[in-house]
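So the structure is just underneath, and the comments pick up after that.
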Amino acid sequence: KAEEEAAKAKEEAEAAAKKAEEEAEAAKKAEEEKASEEKKEEEKPAEEEKPAEEKKDKE
């Protein structure tokens, strides 16, 4: 019985480690996407301001 519990504990630990790794990957990917979006915004600030001005004219 002790061996079964040890095997179960090992499986749970591996599953938890895998989940943590996947969450870390997801967080890293989200951070990279956010950085990429911020970079795009820095490169094109004029283009983003223009449509807002056009909206005001239409209203």
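The values are calculated or read from the model by the stated rules, or taken from the named source; none is laboratory data. Values in this document were obtained by computation on a predicted structure and should not be read as measured data.
Worth a mention:
- Some residue of region 39-50 being of a type in the set (Gly, Ala, Ser) and modelled with pLDDT of 90 or more: no
- Hey, GLU5 more than 19 Å from the chain's Cα centre (by Cα) and either at pLDDT below 95 or outside any helix (DSSP H, G or I) (or both) or not: no
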